[in-house]
Amino acid sequence: MSEVPLLVVRPVRIEDLGQLNALAHLTATGLTTLPRDESLMEKRVKQAVRTFSQMEDDSAQHELFLFVMEEKPSGQIVGTCGIVPKVGGFKPFYAYRLGTDVHESETLKLRYEHKVLHLLREHDGPTEIGSLFLRSEYRGGGTGRVLSLCRFLFMANHPSLFESEVIAELRGVIDDDGVSPFWEALGHHFFGIDFPNADMLSLYNKEFIEKLMPRHPIYVTLLPKEAQASIGEVHRLTAPARRLLEGEGLRWYDLVDIFEAGPILQCKREEIRAVRESRVDVIAAIDDHPDGMGPYRKCIATTVGKSFLAAGGLLYLREDGLVLEKSLAAALEVQPGESVRYVDLRAEA
Ligand SMILES: NC(=[NH2+])NCCC[C@H](N)C(=O)O
């Protein structure tokens, strides 16, 4: 069989640690699911390995599903993505809710609508799709979409493991030196440290947030213009992720990050396009010269009962089921008679 490189998403393993640490060094400041800190990375990977091994156990606390994208046959890890089945719990999940307060005076005939940030502490939180990272050489051509969409196929396979609401916290406006206008205007006065430090510390322990965050709502008009303008806006490198998630049905309503005011997108799990439109069908044949309608470019994943594997690839539709090319079937480790879950990749040509 020809060895065409293929990219497959699979659950993280403890042996991936070294490669994940190397990957984290390619990010500017690290990501929640890919911290630039070896001990924290190890903790995350162990949490994820445990979570995958306890999927069948309803009483277990499922902390983190972390996936890696592996290039076959080289074994190189080129990207990661993750899902936190539930945020909040023992430690609350913090966010600012942007509300409107109306102030009106009959005497002066004045009416003001003030934007106000209210601190939210959520113990019974939603499912969060975590940060996604893909090596720059692999970006484009739909690979990032596979990494993002496979999380929704995984959720569709295991709905009972996830909350009915799904959120994504997107990176807010920060410049190349790690300076966030919102943090400078607000957090910095209360925490006394710079944004990258506070961001990193919050991954370990959120006690300081509880103790040091301003206790009162914040009137947005009192913040400098640049900080006001950054509320709900994303970092320029996060703009493609925002478009992708909005295309899947996630929307920004009124929640933002408490440190840098990046938007928190929300959607009901069942209303996410890739969850709603994904289908499970049986594999009729594995053939390099398939008949049937197609090919169709899909994000394809194994279904329940098999270890989770996902890839982007071509599918052909026949009356008796799907036809997959050999390399794709080999990557997904599937045989005729088994089923796969798939959804349109929606990648631009
Ligand atoms: N950019 C940040 N690190 N913000 C602080 C953490 C906020 C996050 N929503 C949490 O509760 O964990």
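Numbers at a glance
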{"item": "Residue order, fewest to most beta carbons within 10 Å, for 183, 252", "result": "252, 183"}
{"item": "Average Cα contact separation per residue, the chain, under 8 Å, 6 or more apart, as relative contact order %", "result": "17 percent"}
{"item": "Crossing angle, helix 143-157 versus the chain [Cα axis fit, 0-90 degrees, rounded to tens]", "result": "90 degrees"}
{"item": "Distance (nanometres) between label positions extended 7 Å along Cα→Cβ at residue 225 and residue 326", "result": "6.5 nm"}
{"item": "Reachable lysines from residue 225, criterion Cα separation under 25 angstrom, eight or more residues apart if same chain", "result": "115"}
{"item": "Cα point-scatterer Debye curve for the chain, base-10 log of I(q)/I(0) at q = 0.11, 0.13 Å⁻¹", "result": "-0.76, -1.01"}
{"item": "Net charge, residue 164 excluded, C-beta distance under 14 Å - Lys, Arg +1, Asp, Glu -1", "result": "-2"}
{"item": "GNM flexibility winner over the chain from 251, 236, 36 (Cα, springs under 10 Å)", "result": "236"}
{"item": "Helix 195-204 vs. the chain, principal-axis angle (Cα, 0 to 90°, nearest 10)", "result": "60 degrees"}
{"item": "Gain in span if fully extended, residue 277 to residue 57, counting 0.36 nm per residue against the direct Cα distance", "result": "76.4 nm"}
{"item": "Using alpha-carbon coordinates, inclination of helix 38-53 to the longest axis of the chain, degrees", "result": "60 degrees"}
{"item": "For the range 195-245, projected area of the alpha-carbon convex hull averaged over all directions, nm²", "result": "5.2 nm²"}
{"item": "Average Cα contact separation per residue, the range 33-167, under 8 Å, 6 or more apart, as relative contact order %", "result": "23 percent"}
{"item": "Long pairs among 306/326; 72/306; 91/306; 72/326, criterion Cα-Cα beyond 21 Å", "result": "91/306"}
{"item": "Those lysines that a straight Cα-Cα span of less than 20 Å connects to residue 86, excepting residues fewer than 8 apart in one chain", "result": "43, 46, 206, 268"}
{"item": "Most mobile of 172, 249, 305 in a GNM of the chain (Cα contacts under 10 Å)", "result": "305"}
{"item": "Per-residue Cβ neighbour rank within 10 angstrom, fewest leading, 342, 94", "result": "94, 342"}
{"item": "Simple label model, 7 Å out from Cα along Cβ direction - residue 106 to residue 318, nm", "result": "7.9 nm"}
{"item": "Footprinting exposure proxy for 25, 62, 118 (fewest neighbouring C-beta atoms within 10 Å first)", "result": "25, 118, 62"}
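The numbers here are math on the coordinates, done by the rules we state, and not lab data. Quick caveat: nothing in here was measured; it's all calculated off a predicted structure. Glycine gets a Cβ as well: all are built from the backbone with ideal geometry, and neighbour counts include every protein chain shown.
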